[in-house]
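Written below as structure tokens is the structure these notes are about.
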Amino acid sequence: MTRAAPSADAVAAETVLELRDLVTEIRSVRGLVRPVDGVSLRVRAGEVVGLVGESGSGKSMTAFSVMRLFPTKAARLVSGEVRLRGRDLTPLRQEEMRTVRGREVGMIFQDPASYLNPVLTVGRQLEQQLQAHAMGRGAEARIAELLQDVGLSPEFARRYPHELSGGQAQRVGIASALACRPALVIADEPTTALDVTIQAQVLRLMARLQREQGVAMLLITHDLGVVAEVCDHVYVMYAGHIVEEGPVERLFAAPQHPYTQGLLSGVLDLIEPKPIEVAIRGSVPDLAHPPEGCRFHPRCPHVMDVCRTRVPPLFDLGDARAACWLHDPEVAP
Ligand SMILES: Nc1ncnc2c1ncn2[C@@H]1O[C@H](COP(=O)(O)OP(=O)(O)OP(=O)(O)O)[C@@H](O)[C@H]1O
Ligand code: SF4
Ligand SMILES: [Mg+2]
């Protein structure tokens, strides 16, 4: 029996996060930079969505744009929508955003030490977070449960951040992100700062909790091995644009954008995965002066005349999409 295609309403209902044509700008001495320049993406319930791309491509700025929590005052959301379970967050005031952060969206960052308060015990920090979102009742039991979920004994509640190893601190970070049972977790390079031996443990822990709790996850990473292991769907970002998206198996088996092809061939040549930025010749363009047309054209082995002047749209390729003129039957050679 064939299953009917889901209706538009069903798709909307199961969408946890949807970015629509998001644009974020940073004022800098070199001029206006748009690290997020028309980004659209979707994370469905229970799904792990990967966001990959070289250093400087705008992955973290995309995450910051969702939370409206920028590393610099010079950054601001210019246009587009951030829909969380159908509700656009962009008109919300900062106080209202505070209730979204932590409560509806949990965040896991690269460096857990940077967001753990050094003068508070682990237990006190988790308690404060639960209280901030009116979930403080029965906090002690909940904290013990959270610590157990991330593989730490209840005794860790009494420890201070400096008494934790990097892996333990990140486990606390994960407990904190999941504390209020958010619908979505955004994890930005959650294992990069950890020892290689610990990375796999922490990643498996995240993947297990994500599955058990059915939380949707946007996972930002350099590591394509991580993407292959835990993601269902992948978006590839280049110089502020999404250049390809698709189900993980398809993206790895048949990448449709020359940039993705470069990433994969560079990485697959090696036994040890290497950072994306050394896998493709040249480097990410200066976003203050991005190349005309397709931003990848100065580095692309398939560049055509049209690529130098016209920005390619995302072409539909069944269940995947790629922003490359090679997929336009009227343009491709
Ligand atoms: N604090 C900042 N001040 C000014 N510009 C910034 C700042 N942070 C980021 N940018 C600009 O935004 C662009 C995208 O940065 P972002 O941190 O999102 O990249 P990324 O893809 O997360 O890279 P990485 O993989 O290194 O984390 C940078 O290339 C830079 O032009
Ligand atoms: S649009 Fe042109 S330059 Fe850009 S990736 Fe495709 S072929 Fe290469
Ligand atoms: Mg980043």
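The values are calculated or read from the model by the stated rules, or taken from the named source; none is laboratory data. Predicted model, so just to flag it, every value in this text is computed and none were measured. Every residue, glycine as well, gets a Cβ built from its backbone with ideal geometry; the counts of neighbours run over all protein chains shown.
Quick notes on this structure:
- Applying the set (1) in contact with an Asp or Glu (Cβ under 9 Å, 6 or more places away or on another chain); (2) surrounded by 16 or more Cβ atoms within 10 Å (Cβ to Cβ); (3) not in a helix (DSSP H, G or I) to Ala63 leaves exactly one unmet item: (3).
- When we screen Arg83, Arg142 for residues that are farther than 14 Å from Val66 by Cβ, surrounded by 15 or more Cβ atoms within 10 Å (Cβ to Cβ) and basic (Lys, Arg), the only hit is Arg142.
- Residue in the range 300-320 that is modelled with pLDDT under 95, within 16 Å of ligand 1 (Cβ to nearest atom) and not hydrophobic (A, V, I, L, M, F, W, C) present: no
- Any hit, the range 191-199, residues being under 19 Å from Glu104 (Cβ atoms) and buried (at least 22 other Cβ atoms within 10 Å of the Cβ): no
- Flag if Ala177 is in contact with a helix residue (DSSP H, G or I) (Cβ under 7 Å, 6 or more places away or on another chain), at pLDDT 90 or above and not in a loop (DSSP other than H, G, I, E, B): no
To keep it simple, each residue is scored yes or no on (1) among the basic types (Lys, Arg); (2) buried (at least 16 other Cβ atoms within 10 Å of the Cβ); (3) modelled with pLDDT under 95; (4) in contact with a helix residue (DSSP H, G or I) (Cβ under 8 Å, 6 or more places away or on another chain).
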site: Thr99; (1), (2), (3), (4): no, no, yes, no
site: Pro112; (1), (2), (3), (4): no, yes, yes, yes
site: Leu116; (1), (2), (3), (4): no, yes, yes, yes
site: Thr121; (1), (2), (3), (4): no, yes, no, yes
site: Leu130; (1), (2), (3), (4): no, yes, yes, yes
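- For the criterion of being over 19 Å from the mean Cα position of the chain (by Cα), in a helix (DSSP H, G or I) and either buried (at least 17 other Cβ atoms within 10 Å of the Cβ) or free of Cβ contacts under 8 Å to residues at least 24 places away in the same chain (or both), Ala157 passes.
- Single match in Val16, Val52, Val100 (criterion: within 27 Å of Arg295 (Cα to Cα) and touching a residue at least 12 places away in the same chain (Cβ under 8 Å)): Val52
- Filter result for Pro35 (within 14 Å of ligand 3 (Cβ to nearest atom), more than 22 Å from Val230 (Cβ to Cβ) and not assigned by TED's automatic domain parsing to the domain that holds Leu263): yes
- Residue count, the range 182-208 (criterion: touching a strand residue (DSSP E or B) at 6+ places or on another chain (Cβ under 9 Å) and either over 18 Å from Ala113 (Cβ atoms) or away from ligand 1 (no atom under 16 Å from the Cβ) (or both)): 7
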